[in-house]
Every structure is written in structure tokens, then in C-alpha cells.
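Worksheet: the structure to be examined is printed underneath.
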Amino acid sequence: MIVRRWPARPECLSKNLDTKNPGQHDMMNDSSQPVGTAVGGLVRKVRSARLLAASLASLALCAPHASAQDIGVLDDRIVFGQAAALEGSAAALGLGMQLGIRAAFEEANRAGGVHGRTLELVSENDGYEPSRSIEVVRKLINQNQVFALIGAVGTPTASATQPIAMEAGVPFVGAFTGAGFLRNAELGNVVNIRASYDAETERWMQTLVDEQRKKRIAILYQDDAFGRAGLSGAQAALERRGMDFVVKGTYQRNTTAVKAALLEIRKADPDAVVMVGAYKPIAEFIKVARSIEFEPSFVNISFVGSDALSSELGEDGENVIISQVVPFPWDETNPLVTAYRAALAEVDAEATPGFVSFEGYITGRLAAMALAEAGPDVTRQSFLETIWTTGTFEMDGLTLQFGPDDNQGLDAVFMTEIEPDGTFRPMNEPQS
């Protein structure tokens, strides 16, 4: 059985973390060997005997000031924090997640809140840059004193900030990324909603190779942790079929400098290009490709932001394929979609339904459901324990399933294609 790790640092000390030296407490950069001590069914991670002694001493100092309520849990509200791209080339992703979470929270608040408390979201822009995300997350934890982090956007930013949240004992819920490292069930503070990038890239190859019989596959990927995560999954999926990429192209995060990669990829004459990137550079690649009559199949990962990509592409979007990790947001027969669209309209009557905000809504709904199940005296730890022990959450026909060695609620991957008018159509049944 997987044993989930939990920080030894008392939560009343988390506000004293060094905000000027972000790497100081980053577990991913720490070469010391952890010592695990079982507490309350979880494992508290202690880096050294000196830290253990200091932590125990600190508990004595904290005890006289301890409150029955956890950090971020107030008499009238519970405060969540979001660090995400709200400006720049990935802004549509952060804003979409923010909108969906707000829709779910406001839906709960209109019904009286959760155990009499309203749910509040504090969002901060990290520009989809790890260094800035570290600063923002420290601010949310130390100054805003949030109960949990929710709706983060991106693999490189999550890689930089999840260990900080772990160290401070803060839940890290519903990140908009399928990165494999977050699927490690030993990370006691991580709750994933969506399927992994490995599942998405496997579904790509089922479509392109198994169903469409394509032989020459190329890849364009963002040259960072996100892009390499997608590359790894796609490479493995091809290798399982005795194949390899005919060519690989890269571009730098937060740029649209894709022309050199495009020319290199075109030379290899692929019949499909799979793409791991954000919507602006991906749209630039496809538009320029079509302007020079380079017309392979273009297949994108869900992180691209389907609605933003379609908008950027305009008439060049026709037949572009995108894998999805939430149900179709325009399925009027789906009761969850009906609830989502009603909640969205209450927050913003002009908002257009879409995949990203739907994922945000599902994330916010899960948080509200777990808080309700945890009871009025909820703590960060009991919130997480409730998710693991409850296991199954039924959400208007959508089932999220967690377990002792499974911190990911959904497994299904859906394939969609952009229509000539910029809308989407489902390609086939979801795979899980």
C-alpha cells in the first residue's frame, strides 16, 4: 500500500517560511534523506534529526496559540488560493480555470455555503513562469493564509510550487496539468482531477496509428517540463507500436518562435504532427504551415486550451484534433453539463462554455463536496483524508474515483475535432 507523505512542519509555522529564498524549502531540490514518522495514518516528512528536534520544540511554542480552526478556515468562509497565468500567452487557461472554480463556489454559496461558510477564491497571476509562481504561492500561503491551493496551471509551475505547498501542509488540488510526477500517490497533499498526459498521448496513437494507419509521426513540443512530459508519453506510445518519431521540433515557453521548428518538421514529410504546447505558439505553427501548404493531421494535447486555440486559428482550425479530459461541455443530455452551464451564467451571463472552465467547475465542485463530507471542523489534513477515504464522488452522473494508491479522480480521454465554424465535435467514445 502507498503511504502518503505529510510535512512535519507545524502549520502555525508555515507563515514563517523564507519568502526571499524560494529554493530553501523546495523538497525537489533537497538532497537530504527524509525520515518518515507515522502520525494519524499519514507520514510526516522530516529531513534531519535537527529539523525534527526543532519541529518538536516549535510545537510547544505553537500550542498556547493553537486554534480549533485551521488556517484559511474562518467563522464565515473558507479561503482557497489560485496561482495561474491570468495574463500573457497562457492567460485563457488560468482565466478559464478561475471562471469555472468561481462558478462552482458561487453555486455552493447560493445554497448557503458549506456548513455555513462561503467559499472564497483568491487568484494571483504567475505569468506561467516557475520563478514568479514560487513568489505568488508563497504570498498566498504566508500572507493570504489560504486553506488550499486550487486550479494551478502548467507543469513547470506545478513542479516548482507543489513541494512548497507540501512543505507548508497545504492541499494542492486540481492542477491544470497531466504531468506524471503529480500522479505519485505518495504526495500526500496532491489531488488530481484530470487524466494524465501519458493517457492522452496513448489515445493519440490509438487514433493516428491503430485507427487511421498513419506511419510517419512528427512532434512539436514546448522545450520545458511540460513539453518533455508530453514527449515522453508520446514516445512511449509509439515505441509500444514499434515506431519512432520521424522528426522532433521545439520552441521556447511564452514565445511564438515556431518557424524554425516548422521548417525542420516539414522536411521530414510527416503525415501527422502531434503537438504539446500552449495555444498561441501552436496556432502560429498551424497557420504558417497551412500558408505554405503543409497539411498533415495536427493533433493537440488538452492543455493547449481548445477554445482559445480555435479562436486563434479562425478558418485555419478546421479538422485540428484535440484530446480532452472532461466530458463535452455542449452535451445537453448530460446533467452535469446542465448544472455547469447554469452556474457559469450566474457568474458571467456573457461567458461561453468551454473545456477549460468546465474542468475548473468540476474541480470546484469536488472541493465543495469534500468540505461538506469532512464536516464543520474541517482541517487541511481532514479535507485530504476525506477524499482518500470517501473514494468515490458522484457528481451529476460523473464519477470521480480516488483510492489508497490513486490520487487522480478521472481517467477518460475524449477526442474532438474543430469544425469549419470553430465549434467542436466529438470524434468517438472516450477511452480510459
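Given the criteria modelled with pLDDT of 95 or more and surrounded by fewer than 24 Cβ atoms within 10 Å (Cβ to Cβ), does Arg194 qualify? For Arg194, the condition - modelled with pLDDT of 95 or more and surrounded by fewer than 24 Cβ atoms within 10 Å (Cβ to Cβ) - is not met. At least 3 residues being closer than 30 Å to Leu262 by Cβ and among the polar types (S, T, N, Q) is the threshold, and among the helices (runs of 4 or more DSSP H) wholly inside the stretch 114-232 those reaching it are 155-168. Is it the case that Thr255 is within 22 Å of Ala283 (Cα to Cα), of a type in the set (S, T, N, Q), assigned to a helix (DSSP H, G or I) and not assigned by TED's automatic domain parsing to the domain that holds Ala175? Answer is no for this residue.
For the stretch 327-341, the criterion of being small (Gly, Ala, Ser) and within 20 Å of the chain's Cα centre (by Cα) is met by no residue.
The condition of being modelled with pLDDT under 95 and buried (at least 20 other Cβ atoms within 10 Å of the Cβ) holds for only one of Gly174, Gly178, Gly188, that being Gly188.
Among residues of the stretch 390-404 that are closer than 19 Å to Arg341 by Cα and modelled with pLDDT of 95 or more, those with a beta-carbon under 8 Å from a residue that is assigned to a strand (DSSP E or B) and not small (Gly, Ala, Ser) at least six positions away or on a different chain give the pairs Thr399/Thr392; Thr399/Phe393. If you go through the stretch 98-113 and keep only what is in a helix (DSSP H, G or I) and free of Cβ contacts under 8 Å to residues at least 60 places away in the same chain, you end up with just Asn109.
Just wondering, is there one or more residues in the stretch 170-179 that are farther than 19 Å from Arg138 by Cα and without any contact (Cβ under 8 Å) to a residue 40 or more places away in the chain? For the stretch 170-179, residues farther than 19 Å from Arg138 by Cα and without any contact (Cβ under 8 Å) to a residue 40 or more places away in the chain: absent. Can you say whether Glu419 is touching a helix residue (DSSP H, G or I) at 6+ places or on another chain (Cβ under 9 Å) and not assigned by TED's automatic domain parsing to the domain that holds Gly112, as far as the supplied structure shows? The answer is yes for Glu419.
Evaluating Asp224 against the criteria (1) within 22 Å of Met97 (Cβ to Cβ); (2) charged (D, E, K, R); (3) over 18 Å from the mean Cα position of the chain (by Cα) leaves one unmet condition, (3). Checking the structure you have, find out if any residue of the stretch 240-253 is surrounded by fewer than 24 Cβ atoms within 10 Å (Cβ to Cβ), at pLDDT below 95 and in contact with a helix residue (DSSP H, G or I) (Cβ under 9 Å, 6 or more places away or on another chain). Looking for residues that are surrounded by fewer than 24 Cβ atoms within 10 Å (Cβ to Cβ), at pLDDT below 95 and in contact with a helix residue (DSSP H, G or I) (Cβ under 9 Å, 6 or more places away or on another chain), one finds at least one in the stretch 240-253, hence yes.
Report whether or not Ala257 is surrounded by fewer than 20 Cβ atoms within 10 Å (Cβ to Cβ), within 27 Å of Asp126 (Cα to Cα) and over 24 Å from the mean Cα position of the chain (by Cα). Against the criterion (surrounded by fewer than 20 Cβ atoms within 10 Å (Cβ to Cβ), within 27 Å of Asp126 (Cα to Cα) and over 24 Å from the mean Cα position of the chain (by Cα)), Ala257 qualifies. Which residues, taken from the stretch 81-91, are crowded, with 24+ Cβ neighbours inside 10 Å and farther than 13 Å from Ala175 by Cα? Hit for the stretch 81-91 is Ala90, nothing else.
If the condition is being within 18 Å of Ser357 (Cβ to Cβ) and buried (at least 21 other Cβ atoms within 10 Å of the Cβ), then the stretch 100-120 contributes Gly100, Ile101, Arg102, Ala103, Ala104, Phe105, Glu107, Ala108, Leu119. If you check Glu295 against the conditions, is it touching a helix residue (DSSP H, G or I) at 6+ places or on another chain (Cβ under 8 Å) and more than 16 Å from Ile418 (Cβ to Cβ)? No.
Figure legend. Inter-residue proximity from the stretch 265-293: first residues over 18 Å from Asp307 (Cβ atoms), second residues among the charged types (D, E, K, R) and at pLDDT 95 or above, beta-carbon distance below 7 Å, spacing 6+ or different chains. Indicated pairs: Asp269/Arg216; Pro270/Arg216; Asp271/Lys214; Asp271/Lys215; Asp271/Arg216; Ala272/Lys214; Val288/Lys259; Arg290/Asp316. Within this structure, Phe294 fails the test of being aromatic (Phe, Trp, Tyr) and either crowded, with 20+ Cβ neighbours inside 10 Å or closer than 16 Å to Leu93 by Cβ (or both). For first residues located in the stretch 339-353 and under 18 Å from Pro327 (Cβ atoms), partners that are among the aromatic types (Phe, Trp, Tyr) and lie 6+ apart or on another chain with Cβ distances below 8 Å form the pairs Tyr340/Phe358; Tyr340/Tyr361; Ala343/Tyr361; Leu344/Tyr361; Pro353/Trp330; Pro353/Tyr340. Looking across the stretch 85-97, the residues that are touching a residue at least 24 places away in the same chain (Cβ under 8 Å) and touching a Leu at 6+ places or on another chain (Cβ under 7 Å) come down to Ala85, Leu86, Gly94. Name the residues in the stretch 279-333 that are of a type in the set (Ser, Thr, Tyr) and over 19 Å from Glu200 (Cβ atoms), would you? Listed by number, the residues that qualify are Ser291, Ser311, Thr333. A count restricted to the stretch 139-156 and to residues that are more than 23 Å from Gly305 (Cα to Cα), in contact with a Lys or Arg (Cβ under 9 Å, 6 or more places away or on another chain) and surrounded by 24 or more Cβ atoms within 10 Å (Cβ to Cβ) stands at 3.
The values are calculated or read from the model by the stated rules, or taken from the named source; none is laboratory data. Note that the structure is a prediction, hence the values are computed from the model and not measured. When we count neighbours, we look across all protein chains shown, and the Cβ atoms used for this are built from the backbone with ideal geometry, even at glycine.
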